[in-house]
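Notes for the one structure printed next.
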């Protein structure tokens, strides 16, 4: 088992990532979670090809943790039907990941990966539209200049 290599470059990368997360908007954090899930899913696909059981397990557990976090962060009061539908999707994703891990079958992973990619891309478009709408909306002044 190898030890992690600590170098100034690795520390800088870790610091950059920490600051990026700490300063991100909630919407950006969700996008980062989707990106992380997709990255770990791709790594798990490679681990399946290598038949690396330990790596498969660890990566699929990381993806499950991401979907559990997304599920726990849903605002069911404000989100209504969208939050309910997302919750069902996250539960479905986790069940497929459990299936892939237990059976050591990549097909369950491959079944959901395009759905996760689609969800991530949809979220990004919604974020961009929201940002555009907020920039276009006139800002109201707290001061009245009328006499």
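Bear in mind that the values in this text are calculations on the coordinates, not laboratory data. These figures come from a predicted structure and were not determined experimentally. All Cβ positions, even for glycine, are placed from backbone atoms using ideal geometry, and neighbour counts span all protein chains on display.
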* To do: Report the extension gain between residue 29 and residue 91 in nm, rounded to one decimal, defined as 0.36 nm multiplied by the number of residues separating them, less their alpha carbon distance.
  => 20.3 nm
* the stretch 12-122: C-alpha gyration tensor shape, a/c 1.5 cut-off, then a/b vs b/c -> oblate
* Asked: Quick one: if you stick a label point 7 Å off each Cα along the C-beta vector at residue 130 and residue 69, how many nm between them?
  -> 1.7
* Given 0.36 nm per residue, what is the gain on full extension from residue 84 to residue 102 after removing their alpha carbon distance, in nm? -> 3.8 nm
